[in-house]
Amino acid sequence: MFFEMEIRRLGRTMGAEVTRVDLNHLGAPAFAQIRDAFHVHKVIAIRDQQLTPAGQIAFSRRFGALEDQLNAHYTIDGCPEVLVLSNDVRDGKPVGLIDGGDYWHSDSSHREYPSMATILFAVKNPLTGGDTEFADMVAAYEALPEPMKGRIAHLNGIHAVSKLKNKRVQVSPRRPDGADFYERQKAIPDQIWPLVRTHPVTGQKALYLSPRFTIGIEGVSAAEADQLLDSLIAHQVRDEFIYRHQWRDGDLVMWDNRCVIHRATGGYSYPDIRTMHRTVIAGDKPFR
Ligand code: SIN
């Protein structure tokens, strides 16, 4: 039997759920509908999926090349593109990354080619907590006062991957290898991106910074940059820009890193297990 896919708005300014579709059997017209929904809604939750890691890779690759994973030791055997996020432990060892997404960020803004989109598949949801929050950076940009838009129009943010370079974040004490991991990351070069970027498909302007990765502003004194970043960060996560996703079993959520920031909200603890499979689609260099 053939069912029409359904798309229903979830959040105030963004976010939609997609139902009546099976990602294991997705023809070109249905894929085009999903891609369009992704551009319109910025965050889409595709319900009721049963995906193997290979199936998730196959779906993700339809959007473009996949990123390699910095936390390679938490990927799935035979599927190095799939990172496991989890608080589960086997034989005394963590099975996945435990502190993934603990501060607001856009994935891979610290890379030479920042990510276009991220895909997270719920393998095991906890009984309590585990929500993910998303903030709409187009709505946040549009709501800025005109003088602020003018002030930041030609400024560039400095994005660093190591938490040890960033006074707004801390290494999670829950992560056993954290200190060494972030010490090694200090050698990775910072990236410089416009504070306001234009989306290559929709043409919309979006704020492009985050407390997790943006550590300064090019050519601006540390004191002035701190003040400006603090004010933009407080603005970008105002309630009216946020959609909070409460995960259901079988959810696959995909978001657009070019115009959305996100964070994991926690609120669960072992032995209440949360396990997600994550793939990241590579993107292009941001432009004004
Ligand atoms: C992430 O930041 O990629 C993970 C978000 C989450 O686990 O909710």
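Taking only the stretch 229-274 into account, find how many residues are within 16 Å of the chain's Cα centre (by Cα) and either of a type in the set (S, T, N, Q) or modelled with pLDDT under 95 (or both).
Of the residues in the stretch 229-274, 4 are within 16 Å of the chain's Cα centre (by Cα) and either of a type in the set (S, T, N, Q) or modelled with pLDDT under 95 (or both).
Are there any pairs with C-beta distances below 7 angstrom linking a residue in the stretch 78-95 that is away from the ligand (no atom under 14 Å from the Cβ) to a residue that is among the small types (Gly, Ala, Ser), with the two at least 6 apart or on different chains, and if so which?
Cys79/Ala54; Pro80/Ala72; Val95/Ser86
Suppose we keep only residues that are outside any helix (DSSP H, G or I) and hydrophobic (A, V, I, L, M, F, W, C) within the stretch 23-47. Which one would you say is nearest to Asp256 (Cα to Cα)?
Residue satisfying both the conditions and the ranking: Val43.
The conditions are (1) more than 13 Å from the ligand (Cβ to nearest atom); (2) touching a helix residue (DSSP H, G or I) at 6+ places or on another chain (Cβ under 7 Å), and Thr279 fails exactly one of them. Which is it?
All conditions pass for Thr279, except number (1).
Suppose we filter the stretch 116-129 for residues that are open to solvent by less than 40 Å² (accessible area, probe 1.4 Å) and either within 15 Å of Val253 (Cα to Cα) or near the ligand (Cβ under 10 Å from one of its atoms) (or both); how many remain?
8
Name the residue that is farthest from the ligand (Cβ to nearest atom), counting only residues in the stretch 203-238 that are touching a Lys or Arg at 6+ places or on another chain (Cβ under 9 Å) and farther than 24 Å from Lys167 by Cα.
Going through the qualifying residues, I end up with Lys205.
I'm trying to understand the selection: among the residues of the stretch 229-276, which are polar (S, T, N, Q) and either surrounded by 15 or more Cβ atoms within 10 Å (Cβ to Cβ) or more than 18 Å from Met137 (Cβ to Cβ) (or both)?
Within the stretch 229-276, Gln236, Gln246, Asn257, Thr265, Ser269, Thr275 qualify.
So which strands (runs of 3 or more DSSP E) stay within the stretch 207-287 end to end and still have 1 or more residues that are under 26 Å from Ala58 (Cα atoms) and in contact with a strand residue (DSSP E or B) (Cβ under 8 Å, 6 or more places away or on another chain)?
So the answer is 242-245, 252-256, 260-264, 275-282.
Would you mind stating whether Pro173 is out of contact with any His (no Cβ under 7 Å at 6 or more places or on another chain), over 21 Å from Arg244 (Cβ atoms), at pLDDT below 95 and open to solvent by 50 Å² or more (accessible area, probe 1.4 Å)?
In short, yes.
Can you tell me which residue in the stretch 260-276 is nearest to the ligand (Cβ to nearest atom), limited to those that are within 20 Å of Ile44 (Cα to Cα) and touching an Asp or Glu at 6+ places or on another chain (Cβ under 7 Å)?
Checked the stretch 260-276; the qualifying residue nearest to the ligand (Cβ to nearest atom) is Ala264.
Say we look at the stretch 48-99 and pick out the residues that are assigned to a helix (DSSP H, G or I) and among the small types (Gly, Ala, Ser); which of these is surrounded by the most Cβ atoms within 10 Å (Cβ to Cβ)?
Checked the stretch 48-99; the qualifying residue surrounded by the most Cβ atoms within 10 Å (Cβ to Cβ) is Ser60.
Scan the stretch 67-97 residue by residue and report those that are of a type in the set (A, V, I, L, M, F, W, C) and closer than 23 Å to Ala187 by Cα.
Within the stretch 67-97, Leu70, Ala72, Leu83, Leu97 meet the criteria.
Given the structure, is Glu112 open to solvent by 20 Å² or more (accessible area, probe 1.4 Å), over 17 Å from Trp255 (Cβ atoms) and in a helix (DSSP H, G or I)?
The answer is no for Glu112.
The values are calculated or read from the model by the stated rules, or taken from the named source; none is laboratory data. What you see is a predicted model; the values in this text were computed from it and never measured. Note that we place each Cβ from the backbone using ideal geometry, even for glycine, and neighbour counts take in every protein chain shown. Protein only, heavy atoms only, side chains kept; ligands, DNA and RNA dropped before computing areas. Shrake-Rupley method; radii C 1.70, N 1.55, O 1.52, S 1.80 Å.
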